[in-house]
Amino acid sequence: MAKLVARGFFRALMAGELKALLPMCGKQVDFDGASAKDPASIKKQLGAIIKRIKRKGLKLRRIVVLDKKQMKTMFGACPKRLQKSVKKSQAFALARFNRLGAVAFLAKKGRFWRIVALTD
């Protein structure tokens, strides 16, 4: 299920579908070390990301979902600014674009997987 949420999240992000993104996010989302703690703040941050995607002409190429052990093995320790988010997360979605990339941190909240952090 984490893979489905990750794919849906990045596809909606690329399509600029802000309304589809919000239900996939946790109550609090860390954006590269800056925490958004309410829906309005999350919406504002996602809107800024969508504008940047359009401005840079990014195209989604691939999404890979890894668990915590795989992530650490492949990439080593996480940066300090993201350590709180890593502790809360059980899965990580790596998105590769035609240029650049992003990582979404996913955590299971009840029965559902949610995005709890995002970094590029």
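Selection of the range 61-107 for residues being of a type outside the set (Lys, Arg) and in a helix (DSSP H, G or I) yields Gln70, Met71, Thr73, Met74, Phe75, Leu82, Gln83, Ser85, Val86. Of everything listed in (1) crowded, with 16+ Cβ neighbours inside 10 Å; (2) under 18 Å from Arg114 (Cα atoms); (3) aliphatic (A, V, I, L, M); (4) over 12 Å from the mean Cα position of the chain (by Cα), the single unmet condition for Leu46 is (4).
Of the residues in the range 25-33, at least one is more than 16 Å from Val64 (Cβ to Cβ) and at pLDDT below 90.
Among the listed residues Lys54, Lys84, which satisfies the condition of being out of contact with any Pro (no Cβ under 8 Å at 6 or more places or on another chain), over 20 Å from Lys3 (Cβ atoms), basic (Lys, Arg) and modelled with pLDDT under 90? Selected residue: Lys84, the only one of Lys54, Lys84 that is out of contact with any Pro (no Cβ under 8 Å at 6 or more places or on another chain), over 20 Å from Lys3 (Cβ atoms), basic (Lys, Arg) and modelled with pLDDT under 90. When Ser89, Ser35 are checked against the criterion of being under 16 Å from Asp120 (Cα atoms) and among the hydroxyl-bearing types (Ser, Thr, Tyr), a single residue qualifies: Ser35.
Checking each residue in the range 67-104 for being more than 25 Å from Lys37 (Cα to Cα), aliphatic (A, V, I, L, M) and surrounded by 12 or more Cβ atoms within 10 Å (Cβ to Cβ) picks out Met71, Leu100. Among the conditions (1) assigned to a helix (DSSP H, G or I); (2) under 14 Å from the mean Cα position of the chain (by Cα); (3) β-branched (Val, Ile, Thr), the only one that Val29 does not satisfy is (1).
The residues listed here are Ser41, Ser35; of these, the one that is part of a strand (DSSP E or B) and more than 23 Å from Leu4 (Cα to Cα) is Ser35. A Cβ distance below 8 Å, combined with a sequence gap of six or more or placement on separate chains, defines the contacts here; from the range 77-105, residues that are among the hydroxyl-bearing types (Ser, Thr, Tyr) reach residues that are surrounded by 20 or more Cβ atoms within 10 Å (Cβ to Cβ) in the pairs Ser85/Asp30; Ser85/Phe105; Ser85/Val116; Ser85/Ala117; Ser89/Phe105; Ser89/Leu106; Ser89/Val116; Ser89/Ala117.
The values are calculated or read from the model by the stated rules, or taken from the named source; none is laboratory data. Every value quoted in this text rests on a predicted model; they were computed, and no experiment measured them. Virtual Cβ from ideal backbone geometry, glycine too; neighbours counted across all protein chains shown.
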